[in-house]
Amino acid sequence: MKLELKKVYNYHKKEMIKVLLIQQMGCLNLIGKSIPRREGKNKVTGTAKYTADYSTPGQLYAVLVTSPHAHAKIKSIDITKATKCAGVQAVVTGKDYPVLTGSAVEDRPVLAIEKVRYFGEPVAIVVANSEYEAEKACSYVQVEYELLPVLHSVEESFTGKNALIHESFHLYTKPKKLKPIPERNVANHVTVRKGDFHKGKHISDVLVKTNVSLPQSDHAAMETRSVKAEILPTGEVHIESSSQAPFDIQQMVSKHFNIDTNKVIVHTPFVGGAFGGKAAIQLEFIAYIASKSTGGKPIKLTHSRENDMISSPVHIGMDSDVKLGATNDGKLTMLEMTFKFDSGAYVDESSDITTTAALNCTGPYKVDHVWCDAYCVYTNHPYATSFRGYGHGELAFAIERALDKLAEKLQMDPMELRIKNAIKPGDTTPSQAKLTKGNIGNTKACLERIKKLIDWDEGDVVPVSNNVIRAKGISGLWKTSMSPTDASSGAIITLNKDGSMNLNVGVVEIGQGTKTTLIQILATSMQVDESKIHMKMDVNTESSPEHWKTVASTAVYMAGNAVVEAAEDVKRQLKNNASYKLRCKPEDLEVGESRVYLKSDPQKHVNVQSVVRGYKYNNGNTAGNMVIGRGGFVMNQLTNMDLKTGKAFPGPAWTVGAQAVEVEFNTRTFFYTITKAVSVLDAGVIFNPKGARGQVTGAMSMGLSWASREGFYFNQNGNIINNQFRTYKTLRFDEQPEYIVDFVNTEQLDGPYGARGVGEHGIIGMPAALANSLSKAANTSLNHLPLIPEFIWSKKKEETP
Amino acid sequence: MITTDFEYYCAQSITEAVDLFKQLSDSGIRPLFYNGGTEIITLMRINSFYTHVNAVIDIKRIPECSVLEMDEHDYLVIGASVPLAEIEENMAFPLLSKNCSRIADHTSREKITLGGNVCGHIKYKEAILPLLLTNSTLVIADEKGLHEVFIQDIFDKEIILEPGSFIVQFKIEKEFLSMPYINKKMTKIDRIGYPLITVSAIQMKKEIRFAFSGLCETPFYSYEIDDILNNEENSIRKRINAAIKQIPEPILDDIEGSASYRKFVLSNTLEEIMMKLNGGGGNEAIS
Amino acid sequence: MKQLVELFINEEKKQVHVRPTDTLLHTLRNNLGLTGSKPGCENGDCGACTALVDGRPMKTCLVLTVEAAHYKITTIEGLKDSSIQQAFEKKFAFQCGYCTSGFIMNCYALTMQYPNADKYQIKNWLQSNICRCTGYEEIEQAIQSIVISDKAK
């Protein structure tokens, strides 16, 4: 371990001890307190504002013209008629701004150029005085297409026979290191080679093979994506966006349109749900060129639900082949795995999702010999971006279905099989990252806990009544974040004259409640009541310190550490100012309950409010300085991946857990009810138990919804035909099961007070656990999502002659 | 956002509505009677089906369209503008109440009207099933005034109305109101959504009548199918299999469910309904 | 094409110029600044825009503004510290907050009409709304906490 890291660990251990002391002393302690959300009152009164709620005087409206075809050449675009429509200010097409964008491969034009690659792709944009006029004029934009063969699936694309989706792939700029196979429509091929594959095969007594798949689906945040853009005469570009990544927008707009970064200002108010879908940048570029085309006027662009579903990036699809080996006594020996991820028409985050799935392909189990090939494949589907879980839910579905199959073959209890192979400190991940007490939780403890909570010993299939049986399924889970090796976060604390504080971080409030947790962290650090802290709820790149992106459940970890450091900085400065009054060394002082006091004699103190702007002597002389706290955090110890073997240290830690689902299944009709869902996560120290539970149950709900009913349907032309909530199903009220959530608390040593994020983990094992329970119930292998009754019926029908 | 424009008129009486329609038509405007309006609003927004409409005549404020009461001849009279949610709560005709309680969702049912549902473009029109089973009387307004007609006489895949006429009320004979019934809606997976199939069944003195929605392109009631299903010489299974062969049109095959799956669900559903009704069950909606 | 419509919203008379095809949702947000009603689908599927029309819950994306004249309209902005709002806050019944206004309005209408709503009624009404963040558990607790249970009757 590097000295630097050790220091961090020691520092946090000290903080932990302090917390324990605080708890014993009954002092101010907000760890483990379910304080209500800071913005709660504004949200329950409808006062909280989201991007589309704001209007700017003189604002124009932009509406997209989208492609009616999944793959076609654009022969011509005639905007003459549209330009003449009432109220129209500008009509923009791809050729006007021939810029290619993308975080890993710059393969995506802002508006389609020369060809369209998916149904719903933005082709032109109409800007008008009112939304009504803009939308009306859209139908007058005349586009002539020449149809091209449509690649409907990863399999079809992979053959490379019918068509290439990106003929000029070799010419694209690639900001990230990739191993493409352009002639097979593969943008990235990730290889993981751990141990000796042949040896693994040799020592295996049994081998199971399985194929699993899941279709592309949608994030379906309740707030559709919305953005505003304006270019001021000074050249400043102001963008307001419903985004998880305002700082990334700033970077990317600056980069692609060649504007100084300091001239791009991005503002993000409350975000109405995101789930990874708002970490991608798309409408921001479009809004920028729309504003640019009108001489910089403020324009607003808000997606309809239909466009939000099909034109903007979606949840990735996957097809996976798994070969899993074990000894007769159930010790895992080898894993051979192929992933084909359906990235859709453009890469965006898909290459990294592919990488993450490959690097963590075993799930939380120890396997010495791993051979994984993961492909990020282009298709004529909408393009995919990050989705809650970032590849881990997908890989869990593959590996956990294989584990159940293996258990069946071994005639072993699936729970025992998992417990036996649970990964632990000392083991290595598929990417050969060495696991330590500091970076991985206790998988075995989670599994053992879940065993009790789901009453596993009752039996995994139990008759309930005529035709109805109760069945249980389990899944292990793990997750690490695939962040840039230098991802960073910051915190700024300013103090008001009464000693109260203003906290400013770059984390977006997307519903996850991080801002309330950060208040709790600061209150604990400063030993003040949470009411003394004002939190800036929106994010503005011109005043908020950068936070990489509000993704990957890392905000508490990253920004929390920054807040602790900023609080220390404030305390140091307060002590310095107070030392003038108390006539001692700053080191002799301590800060708490809005006072700075002598450690040796706490009665001797000065109130914080008298030392926030230096200390003023009775004669008016002032010493010391104004207090402004700063704290920062940068990921460390992460390494880039070795392209040959996949060797890497991809994330700071692996959060582990186990999940279970119980269903009541009708053997006659194949309908089922999800009666129970259980999660046990090793989540470290929990700051806000009710908030954390809500994150976990919310993710479980989303996972069950995804697994049981979500997914896009494409017609023979590659057009999505369920682009509304009426046909795109999501879980509704009273369809939720009874939730049981429990935590095993192995603190993350370098997390703020041992805390770590739990925003995504609840989703990861849900598809696998549901599929495992239903496969048991229906006595067939259910390896494809969504698990609608018709699918179970068709599977059973196939099997009965 | 709806980008086409129309003129909105709100009629206070039947004659005003009929006259308005004529005036507008005569002056070259294409009007449409407007009730709950949910379908018109949602389809116009996506430029589908109602794109030609350039005037709507709202009939919701016409007093006759909002009644829900027994008349002096022992008919239950339901105005065409009564929202489905009101019918659901009222329970004067339990089969219809149960049927309506599964159309769309509750809040939407506050807006969707009975007249709107049965006359809509939507292929399911589920509320029509109880009306077909009881051969309800429709009170129709046109230039000549009001006239009454049995629903089965003007129903051919949909209710055929002359331009300029609209349904004011539905009348259901009292004897039907208390008959044992079952309404069963089956969906792909959840409770809110389009049906795979909806079956309304009512136990008459001698036989059970069945009407179907979601099975074919349009809802239907078939004497032939009733005859087969009520033929007690055969086992229930046999009757159901024979009935499925008599389905008048191709079975729907879409994202809600394939045709063969719909057949499977239909068969299970019919079996359940027949067992229940024959066994003296009924008066319930199995969902 | 615009016409003048007088609306009665949150106990106040408001005059607005609207297109006859403007939905009430559009008018609330764009003409009256009542942005608490949220567009989630504009298709009557999600319930985020729910307001009360004469005390009944109504998806304002399914109502034309011109239709709404003469009715008493209440939006989330018209509720003042109601018990359901308090319950939502206390029970953590929201996360991103986007669906919250619609859920609250629907719950409010339900409990006004049926102060002792039973489990079926709650399900029947609240299935009209979609929440994508919570697992609905807290929303159920919130409404349960304000209905008068049979035991208490």
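Here, each number is a calculation from the coordinates, and none is a lab measurement. Model, not experiment: these values are computed from the prediction. A quick note on method: Cβ atoms are made from the backbone with ideal geometry, for glycine too, and the neighbour counts reach across all protein chains shown.
A helix-only calculation puts chain A at -8500 deg cm²/dmol for mean residue ellipticity at 222 nm, using -39500 (n - 2.57) for each DSSP H run of at least four residues, averaged over all residues.
Neighbouring Cβ atoms from other chains, within 10 Å of the Cβ of residues in A:690-697, number 4 on average. Give the shape of region A:558-690 as rounded, prolate or oblate, defined through the alpha-carbon gyration tensor: a ≥ b ≥ c are the square roots of its eigenvalues, a/c under 1.5 means rounded, and otherwise the shape is prolate if a/b is larger than b/c and oblate if not. Here region A:558-690 falls in the prolate category.
Size descriptor for region A:293-370, Kirkwood hydrodynamic radius: 16.2 Å (Cα pairs only, one decimal). Under 1.5 on a/c is rounded, so check that first for region C:9-84, then, if it is not, pick prolate when a/b is larger than b/c and oblate when it is not; a ≥ b ≥ c are the square roots of the alpha carbon gyration tensor eigenvalues. Oblate shape, in that a/c is at least 1.5 and b/c is the bigger or equal ratio.
What base-10 log of the normalised intensity I(q)/I(0) is obtained for region B:53-130 from the Debye formula, alpha carbons as equal point scatterers, at q = 0.11, 0.16, 0.21, 0.26 Å⁻¹? Computed log10 I(q)/I(0) values: -0.27, -0.57, -0.95, -1.33. The count of lysine pairs in region A:48-159 whose Cα atoms are under 27 Å apart, excluding pairs fewer than 8 places apart on the same chain, comes to 18. Please state the shape class of region B:86-139: rounded when a/c is under 1.5, otherwise prolate if a/b exceeds b/c and oblate if not, all from the C-alpha gyration tensor. Oblate, since a/c reaches 1.5 and b/c is not below a/b.
Taking a 30 Å limit on the Cα-Cα distance, which of the listed pairs A:LYS199/A:LYS409; A:LYS228/B:LYS188; A:LYS472/B:LYS125 fall beyond it?
On the way: A:LYS199/A:LYS409 21 Å; A:LYS228/B:LYS188 39 Å; A:LYS472/B:LYS125 39 Å.
Checking Cα-Cα distances, A:LYS228/B:LYS188; A:LYS472/B:LYS125 exceed 30 Å.
Once you reduce region C:35-50 and region B:193-241 to the center of their Cα atoms, the two points are 38 Å from each other.
Region C:91-153 and region A:422-490 have Cα centres lying 33 Å from one another.
Expressed as a rounded percentage, what relative contact order does region A:220-332 have, with Cα pairs under 8 Å and six or more residues apart? Provide the component values of the computation, followed by the final result.
Working: 166 pairs, mean separation 38.1, N = 113.
For region A:220-332, the relative contact order is 34 percent.
Sorted on the mean count of surrounding Cβ atoms within 10 Å across their residues, most packed first, peptides A:143-153, A:295-305 read A:295-305, A:143-153. Residue exposure proxy: A:TRP548, A:TRP371, A:TRP456, ordered by other Cβ atoms within 10 angstrom of their Cβ from fewest to most, comes out as A:TRP456, A:TRP371, A:TRP548.
Take the convex hull of the alpha carbons in region B:4-106; its mean projected area over all directions comes to 7.8 nm². Here region A:322-457 was treated as a single set of alpha-carbon atoms; its pair distances binned every 5 Å from 0 give 2, 10, 18, 20, 19, 14, 9, 6, 2, 0 percent. Protection proxy ranking of A:326-332, C:9-15, A:404-410, A:477-483, by the mean of other Cβ atoms within 10 Å over each peptide's residues and highest first, is A:477-483, A:404-410, A:326-332, C:9-15.
At a temperature of 10 °C and a viscosity of 1.306 mPa s, determine how fast chain B diffuses translationally according to Stokes-Einstein, using the Kirkwood radius over alpha-carbon pairs as Rh; express D in µm²/s, rounded to the nearest whole number. Walk me through the numbers on the way to the answer.
Working: Rh = 19.6 Å.
The estimated diffusion coefficient comes to 81 µm²/s.
From most to least packed by mean Cβ count within 10 Å, the peptides A:637-645, A:732-740 give A:732-740, A:637-645.
Direction-averaged projected area, Cα convex hull, region A:662-747: 8.2 nm², rounded to one decimal.
Mean separation of Cα pairs under 8 Å and 6+ residues apart, divided by the residue count of region C:1-77: what relative contact order is that in percent?
Working: 157 pairs, mean separation 28.2, N = 77.
Result for region C:1-77 is 37 percent.
In what order do A:THR727, A:THR514 fall by count of nearby beta-carbon atoms within 10 Å, going from fewest to most? It would help to have the intermediate numbers written out before the result.
Numbers: A:THR727 17, A:THR514 27.
In increasing order of surrounding Cβ atoms, one gets A:THR727, A:THR514.
Remark: mean inter-chain Cβ contacts per residue of A:665-673 equal 2, using a 10 Å Cβ-Cβ cutoff to other protein chain atoms. Could you work out how far helix B:236-245 tilts from the main Cα principal axis of chain B, as a 0 to 90 degree angle to the nearest 10? Approximately 40 degrees, to the nearest 10.
Please list, short to long, the whole-number percent of alpha-carbon pairs of region A:690-801 in consecutive 5 angstrom bins beginning at zero. The distribution over region A:690-801 is 2, 10, 16, 18, 16, 14, 10, 7, 4, 3, 1, 0, 0, given as percents.
Look at the stretch B:183-192: the mean tally of other chain Cβ atoms within 10 Å of its residues' Cβ atoms is 5.
Run the numbers on region A:270-345 and let me know its relative contact order in percent, using alpha-carbon pairs under 8 Å that are six or more apart. Before the final figure, lay out the partial values.
Working: 55 pairs, mean separation 17.3, N = 76.
Normalised by residue count, the contact order of region A:270-345 is 23 percent.
Give the Debye-formula value of log10 I(q)/I(0) at each listed q (0.22 Å⁻¹), with one equal scatterer per alpha carbon of region A:60-109, two decimals each. Log-scaled intensity ratios, in q order: -1.06. Taking the centroid of alpha carbons for each part, region A:701-719 and region A:554-573 are 41 Å apart. Spin-label model, A:ASP413 to B:ASN47: label points 7 Å out along the Cα-to-beta-carbon direction sit 6.2 nm apart.
When restricted to Cα atoms, chain C yields an Rg and a Dmax of 15.6, 56 Å, respectively. By the compact-protein rule of thumb, 2.2 N^0.38 Å, the alpha-carbon radius of gyration of region A:115-199 corresponds to a ratio of 1.67.
Report summary: the helix-based calculation at 222 nm, which adds -39500 (n - 2.57) for every DSSP H run with n ≥ 4 and divides by the residues of chain C, gives -9000 deg cm²/dmol.
Stokes-Einstein diffusion coefficient for region B:112-207 at 25 °C in a medium of 0.890 mPa s, Rh from the Kirkwood formula over Cα pairs: what value in µm²/s?
Numbers: Rh = 14.7 Å.
D = 167 µm²/s.
In region A:419-458 the Cα-Cα distances spread across 5 Å bins starting at 0 as 6, 23, 24, 19, 12, 9, 6, 1 percent of all pairs.
Would you mind computing the Rg to Rh ratio of the protein assembly as shown from its alpha-carbon coordinates, Kirkwood style for Rh? Don't jump to the answer; show the numbers that get you there.
Details: Rg = 31.5 Å, Rh = 32.2 Å.
Rounded to two decimals, Rg over Rh is 0.98.
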